[in-house]
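Read through the structure below, which is laid out as structure tokens, and then see the notes.
The values are calculated or read from the model by the stated rules, or taken from the named source; none is laboratory data. This structure is a prediction, so every number in the text was calculated from the model and none was measured. When we count neighbours, we look across all protein chains shown, and the Cβ atoms used for this are built from the backbone with ideal geometry, even at glycine. SASA here: full protein model, heavy atoms, side chains in, ligands and nucleic acids out. Shrake-Rupley method; radii C 1.70, N 1.55, O 1.52, S 1.80 Å.
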Amino acid sequence: MTDLFEASGIHPPDAPLADRLRPKSLDEVVGQDHLLGEGGPIRRMVEAGRLGSMILWGPPGTGKTTIARLLAQAAGYQFQQISAVFSGVADLKKAFEAARMRRAAGQSTLLFVDEIHRFNRAQQDGFLPFVEEGIVTLVGATTENPSFELNGALLSRSQVYVLKRLDDAALDQLLIRAEAQEGKTLLLTPEARQALTALADGDGRYLLTLSEVLFDLTTTTGPLDVQALAGILQKRAPAYDKSREEHYNLISALHKSVRGSDPDAALYWLARMLNGGEDPLYLARRIVRMAVEDIGEADPLSLLVANAAKDTYDFLGSPEGELALAQAVVHLATAPKSVGVYEAFKAAKRAAAETGSLMPPAHIRNAPTKLMKSLGYGKGYQYDPDTPEGFSGANFFPDGMERRTFYAPKGEGHEAKIVERLERWAALRARAEAGGGD
């Protein structure tokens, strides 16, 4: 019954919200104006009334299936869909035979193949004669790079169109449509509404799935804030067993003694834990953590010492290997401290969560295939070691994202030299951005 509804473009009232909001025309598709807008390549095909075979490459929830269905509708083709996940050779033969019969009756067929990259090379070759004879117009959908996953012969007979992840404006447009469909407003603060779109990470279908959960909520306390939203939509991690309070008190004392540059106290707490029967490899892991969390680039050798202590204990066992742990604890406690890398990585993770799946700028993308080169991958890349200063000053952040500074060296130990280099590179970058002037 569901198939009959879908074939007619009507969705049953109990269908998921994403299905009920599926666009009814190409003009209603959001976020893909570069393909479907005025002058876009797919739009031009539709206006010409003749479709060519194509591969739609893009992340989940960006409208690949919807676009294929609407293309068939706009051009007057019969829409036929198969999935490479569930279909085999017998299904393909049936699809091709049905398309051949339609062609004899003067009806064109758009064959939509979802997850086309999951077909093996031999199965992909099976499409070629039917595409070449015009028995089917093939529209394949894939989330994987076609250059690596599809046959060259199939690619040469198809146009590859890259769908973009939906930006915030497109996602907000979907939310507005969802509210109109449901006849009510999402009970969210402005910050929580923004967090909801960020959680979707460019996936329109996932956004509508999350929204459907929220539409079913009733609240008497006003709009949900970000924290309340997270509590509803995200599963909590299982609580950790903290019944061994002494264990956690002692490891805290050891870690803070190292962080506080007190080797004598650190050795005392290490001995207390070993005497109490603590697993030495647990202590070794914690010592490695101290090296990266509290010392970092102020003394890069600390990480090597910590890992060497772990390897030494693995090799010698107790009691001899415990001395290596003690040596590492003393080295870390007496080393200069910096949380520069630790703080920088936390800030970078926050930025990565905010910006979702923004692509790298084209000039630093890998371009091993002709298709990727034709899309501008690698164009204009400068090989820094070959530049006069050994530094090009090029932008390595995603397009549309302003440059941010995450790493701020504290100037202790080895980081003092890093500060000098970063300042020099900042000056060279500013000069490059200004056009190379002195």
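Structure summary
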item	result
Conditions (1) surrounded by 13 or more Cβ atoms within 10 Å (Cβ to Cβ); (2) farther than 27 Å from LEU166 by Cβ: number failed by GLY435	(1)
Which listed residue is assigned to a helix (DSSP H, G or I) and open to solvent by 90 Å² or more (accessible area, probe 1.4 Å), from LYS373, LYS410, LYS379	LYS373
Residue list for segment 68-108, restricted to those being among the polar types (S, T, N, Q) and touching an Asp or Glu at 6+ places or on another chain (Cβ under 6 Å)	SER83
Residues located in segment 19-58, provided they are open to solvent by 50 Å² or more (accessible area, probe 1.4 Å) and in a loop (DSSP other than H, G, I, E, B)	ARG22, LYS24, GLU38, ARG50
Pairs where the first residue, in segment 164-183, is over 16 Å from GLY63 (Cβ atoms) and the second is open to solvent by 20 Å² or more (accessible area, probe 1.4 Å) and not in a helix (DSSP H, G or I), C-beta under 8 Å, 6+ apart	GLU179/THR185; GLN181/LEU21
Hey, GLU420 within 30 Å of ASP294 (Cα to Cα) and in contact (Cβ under 8 Å) with a residue 60 or more places away in the chain or not	no
Any hit, segment 121-137, residues being within 22 Å of ARG22 (Cβ to Cβ) and either in contact (Cβ under 8 Å) with a residue 40 or more places away in the chain or out of contact with any strand residue (DSSP E or B) (no Cβ under 6 Å at 6 or more places or on another chain) (or both)	yes
Whichever residue in segment 301-321 is part of a helix (DSSP H, G or I) and among the polar types (S, T, N, Q) and, among such residues, is nearest to the chain's Cα centre (by Cα)	ASN307
Test result for GLU320, of a type in the set (Asp, Glu), touching a Leu at 6+ places or on another chain (Cβ under 6 Å), more than 28 Å from ALA195 (Cα to Cα) and open to solvent by 50 Å² or more (accessible area, probe 1.4 Å)	no
Helices (runs of 4 or more DSSP H) fully within segment 96-208 counting 2 or more residues that are within 30 Å of GLY222 (Cα to Cα) and open to solvent by less than 10 Å² (accessible area, probe 1.4 Å)	168-182, 190-200
Failed condition for VAL213, given (1) surrounded by fewer than 18 Cβ atoms within 10 Å (Cβ to Cβ); (2) modelled with pLDDT of 90 or more; (3) assigned to a helix (DSSP H, G or I)	(2)
Pairs, first in contact (Cβ under 8 Å) with a residue 60 or more places away in the chain in segment 347-361, second of a type in the set (D, E, K, R) and part of a helix (DSSP H, G or I), C-beta under 6 Å, six or more apart	none
Search result, residues across segment 59-95 that are open to solvent by 50 Å² or more (accessible area, probe 1.4 Å) and either charged (D, E, K, R) or part of a strand (DSSP E or B) (or both)	ARG69, GLN78, GLN81, ASP91, LYS93, LYS94
Qualifying residue in segment 128-146 (condition: of a type in the set (A, V, I, L, M), closer than 24 Å to ASN366 by Cβ and modelled with pLDDT of 90 or more)	yes
Residue in segment 339-346 that is open to solvent by 40 Å² or more (accessible area, probe 1.4 Å), at pLDDT below 95, farther than 30 Å from TYR407 by Cβ and not acidic (Asp, Glu) present	no
Subset of segment 322-348 that is among the aliphatic types (A, V, I, L, M) and in a loop (DSSP other than H, G, I, E, B) - its residue that is farthest from ILE287 (Cα to Cα)	VAL339
